[in-house]
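Everything on this sheet refers to the single structure shown next.
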Amino acid sequence: MHTESTDGVMRKMIFSYLLCAVLPMMAQVEFVHLQPERLPDLNIPRFSHDTFYANGELTVTGGHTTSFVPTPTAEYLKDGEWHVMQMAYPHDDGLCVPLRSGKVLLAGGYEKNLGVGQTIEAELYDPATHTFEGFGCLDRRRAHVSAVELPNGQVVVAGNWYHNDAIETYDGGMYFETVREVSIPRSFPYLFCTSDSDVMVVSGYWDNYGKVITSNIIDRLKSEPFRVPLLETWQPYLLPHAPRSDDSFIGNVEKGLFAYLLAVRDSAGQVAICEVRDTVFSLLPTASPVPMKYKEDSILYNTPVIVDRQSQRGYIMGSDTIGRTYILCVEYTKRPAPLTLYYTDPLPEAAGGIPVLTADGNLVTTGGIAHGGTYFTPTKAVWLFPVGSDPTAAETKGGMWWLWTILATLIVAVLFAYLIIYKRRKEGPETLIPNAPNADDSLILRIEDLMKEKQLYLNSNLKVFDIAAELNVHPNEVSAAINSGKNITFNQFVNGYRVTYAQQLLRDHPDKKMVLVAYESGFANDRTFYRAFKTLTGLAPSEWILQEID
């Protein structure tokens, strides 16, 4: 048997250490200093309000003002100043849906001061006449509520605060109708359309009594609930207000493609971007991890992903303890997706509300809680962040810093690798090769147990590094254990689990579309699914299910 020389092993180990240490550093996040513009202040300080563009006008509705008192007022910006309007009812943390008709649906919210109780009233705002008309009521009292308009024109509502939750719908008349109970109550849930007539209800950060949710159960308007393995590890973080899923939409309704971006975090606080396509959840591969610090200051992200579909960029906003505002930009159509972190100097009265996208691709925030403020002291401040403007308007942290970073990392990595190899040489030549037969036998069992327990194969972006991190071993050891223990590659190993999972899906749901079977089983696309399935079974999926039925 041929035995690899010590020098050969050393060269391979040096290369692997360089690969692990240097490649992540080569894909740096670009940091861009941003100069925001202070727009005219609101007439009324407010928080838990809604902000949107209607008839081309930046508009805010409802919320509560100073001393935590709900305000039945709205404002729109025109000719450089804000104009106050009287609403039919106050809506503090209620629902807001800009409809395809051009009108805006508003309903629910806190009943009393200090965020107490829930309301039931509903109204429509007509931006053409700047008027509000009360017309009916929700089926149950609600606050911390989300809503979305389906392509068929039906509005779906879910979520509540200190009251029972359920899914209800509005079809354009006077009343809403409860159509389905939920498996778990939620506050500020995400509502994602999966077809012209169906919606997924995804847990936000809290349930209806403020308890942190760690559930991976997804409710649906017309279909049965299902579980998403990814959401056992990654959960949406706390938002200051209800998300509008249309703001995060990256699909194409005409082609029947329903896709969204969802910001999530793990138990250690690391933030990532999840891509939701129909009922398939997967992490968006990014060129580097989402930055959680700038210099020595931690970044707290607190908005959903706001998508600019024209430039194919998504944004999430955050802040730090000294009042800087951060905007993370992800170019979501590229693989891996490049990241840019915009940052400001500490801003006076900078707020933390959910931003809206302007027609030219910039972001605007209105009101909210200023740095160091409370729910009782909202601000009037309105800020425009020019992320969509000419890049020369921002002061980029440029020069050759990236080259020096790579060179320095290379030097450190080489020294680090030689130190480790020198230490292992002193311990004996046998320690240079971590893949002893007994170690492989034990490790392959641990890998198999991990795959079965956590169903990691359902992640279409699963890498050797992910398994190594779970087991706290070197990636080389994982590859070696699979190669020697199974005599197959890592991809073949993972695809075996995916095909087995797909077979069970086909048994349980023989009429399910093959493309959905592919995605739900962890394949990145249906082409890879068909190829792996036929390789392992000798049959195409459609042939295999016919054989099973017979």
Answer with yes or no whether TYR170 is touching a Phe, Trp or Tyr at 6+ places or on another chain (Cβ under 7 Å) and at positive phi. no
Determine if region 129-139 includes at least one residue that is part of a loop (DSSP other than H, G, I, E, B) and open to solvent by 10 Å² or more (accessible area, probe 1.4 Å). yes
What is the one condition in (1) touching a Pro at 6+ places or on another chain (Cβ under 9 Å); (2) free of Cβ contacts under 8 Å to residues at least 24 places away in the same chain; (3) more than 22 Å from GLY368 (Cβ to Cβ) that PRO72 does not satisfy? (3)
Looking at (1) of a type in the set (Phe, Trp, Tyr); (2) under 30 Å from the mean Cα position of the chain (by Cα); (3) within 26 Å of ASP196 (Cβ to Cβ), find the lone condition where TYR110 falls short. (3)
Quick check on my filter: what residues within region 73-104 are part of a strand (DSSP E or B) and more than 21 Å from PHE47 (Cβ to Cβ)? LYS78, GLU81
Going through VAL182, VAL157 one at a time, which residue ends up being β-branched (Val, Ile, Thr) and either more than 28 Å from GLN235 (Cα to Cα) or surrounded by fewer than 24 Cβ atoms within 10 Å (Cβ to Cβ) (or both)? VAL182
Looking at region 303-321 only, could you name the residues that are open to solvent by 30 Å² or more (accessible area, probe 1.4 Å) and either within 22 Å of GLN235 (Cβ to Cβ) or out of contact with any strand residue (DSSP E or B) (no Cβ under 6 Å at 6 or more places or on another chain) (or both)? ARG309, GLN310, SER311, GLN312, SER319, THR321
Looking at ASN491, ASN495, which is the one that is exposed (fewer than 15 other Cβ atoms within 10 Å of the Cβ), part of a helix (DSSP H, G or I) and either under 28 Å from the mean Cα position of the chain (by Cα) or at pLDDT 90 or above (or both)? ASN491
Could you pull out the residue among LEU42, LEU99, LEU34, LEU58 that is open to solvent by 20 Å² or more (accessible area, probe 1.4 Å), of a type outside the set (Ser, Thr, Tyr) and over 20 Å from SER187 (Cβ atoms)? LEU99
Residue that is farthest from TYR519 (Cα to Cα) [pool: residues in region 284-321 that are outside any loop (DSSP other than H, G, I, E, B) and in contact with a helix residue (DSSP H, G or I) (Cβ under 7 Å, 6 or more places away or on another chain)]: ILE306
Among the residues that make up region 268-277, is at least one of them more than 15 Å from the chain's Cα centre (by Cα), surrounded by fewer than 17 Cβ atoms within 10 Å (Cβ to Cβ) and under 30 Å from LEU450 (Cα atoms)? yes
Within region 472-487, the residues that are farther than 10 Å from LEU443 by Cα and either without any contact (Cβ under 8 Å) to a residue 12 or more places away in the chain or in a helix (DSSP H, G or I) (or both) are ASN472, PRO475, ASN476, SER479, ASN483, SER484, LYS486, ASN487
So, in region 77-94, exactly how many residues are touching a residue at least 24 places away in the same chain (Cβ under 8 Å) and open to solvent by 50 Å² or more (accessible area, probe 1.4 Å)? 6
Does region 322-331 contain at least one residue that is over 30 Å from SER460 (Cβ atoms) and either open to solvent by less than 10 Å² (accessible area, probe 1.4 Å) or outside any loop (DSSP other than H, G, I, E, B) (or both)? yes
Restricting attention to region 164-173, the residues that are part of a loop (DSSP other than H, G, I, E, B) and open to solvent by less than 60 Å² (accessible area, probe 1.4 Å) number exactly 4
Inspect all residues belonging to region 300-322 and state whether any of them is of a type in the set (Asp, Glu) and within 30 Å of LYS222 (Cβ to Cβ). no
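The values are calculated or read from the model by the stated rules, or taken from the named source; none is laboratory data. Not measured: the values here are computed from a predicted model. With ideal geometry, Cβ positions are generated from the backbone for all residues, glycine too; neighbour counts draw on all protein chains shown. To get the accessible areas, we keep the full protein, side chains included, count just its heavy atoms, and leave off ligands, DNA and RNA. Shrake-Rupley method; radii C 1.70, N 1.55, O 1.52, S 1.80 Å.
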